[in-house]
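Below you'll find the structure, written out as structure tokens, and then a few comments.
The values are calculated or read from the model by the stated rules, or taken from the named source; none is laboratory data. Just so you know, these numbers come straight off a predicted model, no measurement behind them. Here Cβ is always computed from backbone atoms with ideal geometry, including for glycine, and neighbour counts include all displayed protein chains. Each accessible area value is taken on the protein alone, full model and side chains, heavy atoms only, with ligands, DNA and RNA left out. Shrake-Rupley method; radii C 1.70, N 1.55, O 1.52, S 1.80 Å.
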Amino acid sequence: MSVKLLSKGSRFAGDALKSLFKVPGTGLPMSRGEILGRLAPDLLFGGVEGVMTPGDIGDKLIAGTSSAVGGSMGGLALGRLGGKNQLAGFLLDMGGSFGGDMGGRMIGDQIQRGKDKLAGGKGLTAYERLNEQDRQKLEQLIREDQTGRILAELGLLPASTQSALIS
């Protein structure tokens, strides 16, 4: 019985996905140009997200894919509410793309955290790991600066270094 239910569920999901690629109000399939026009910005921004994300190739793929898929699905879904009005559909598509992108990023962050945890890390995203590294570097610089001042005050550094650190 569960296999039958799964089959019905997957068929329903497939039908719902196919309906996203139909011209609103007509039920006709979108042309390749219409699909490209709707998806190109989402794919572009997903690519930029992937390239700009710090970390390894896995982090970049997760970030870019989640952004592109979220933006694409959100835009297509909300754009359908415009019906035959192309301007309303376009504006709703843009809004749905932004919202879907944000939702996709949240999902991507959770996937990155899981990936980091499985790799033996603390369960951080690429940006959180970068932030932690920067904080550790800053703490190290502060420690080195304090140590340098103490050594200069004790007269244990060359004279040129002492005058720069004490003043």
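Just wondering, is there one or more residues in region 40-58 that are β-branched (Val, Ile, Thr), open to solvent by less than 50 Å² (accessible area, probe 1.4 Å), over 30 Å from Gly123 (Cα atoms) and not assigned by the TED database to the domain that holds Ile107? Let's see the steps before the verdict.
Of region 40-58, the ones β-branched (Val, Ile, Thr) are 48, 51, 53, 57.
Right, trim to open to solvent by less than 50 Å² (accessible area, probe 1.4 Å) and you get 53.
After this cut, where a residue has to be over 30 Å from Gly123 (Cα atoms) as well, the list is none.
Checked region 40-58: no residue is β-branched (Val, Ile, Thr), open to solvent by less than 50 Å² (accessible area, probe 1.4 Å), over 30 Å from Gly123 (Cα atoms) and not assigned by the TED database to the domain that holds Ile107.
If Arg129 passes every condition in (1) surrounded by 15 or more Cβ atoms within 10 Å (Cβ to Cβ); (2) within 22 Å of Val23 (Cβ to Cβ) but one, which one does it miss?
Tallying (1) surrounded by 15 or more Cβ atoms within 10 Å (Cβ to Cβ); (2) within 22 Å of Val23 (Cβ to Cβ), Arg129 fails exactly one: (2).
Would you mind stating whether Ile62 is among the β-branched types (Val, Ile, Thr) and not assigned by the TED database to the domain that holds Pro24?
Working: among the β-branched types (Val, Ile, Thr): yes; not assigned by the TED database to the domain that holds Pro24: no.
So Ile62 fails the test.
Is it the case that region 85-102 has a residue that's of a type in the set (Asp, Glu) and open to solvent by 40 Å² or more (accessible area, probe 1.4 Å)?
Initially, region 85-102 is screened for residues of a type in the set (Asp, Glu), giving 93, 101.
Then keep just the ones that are open to solvent by 40 Å² or more (accessible area, probe 1.4 Å); that gives none.
Within region 85-102, none of the residues are of a type in the set (Asp, Glu) and open to solvent by 40 Å² or more (accessible area, probe 1.4 Å).
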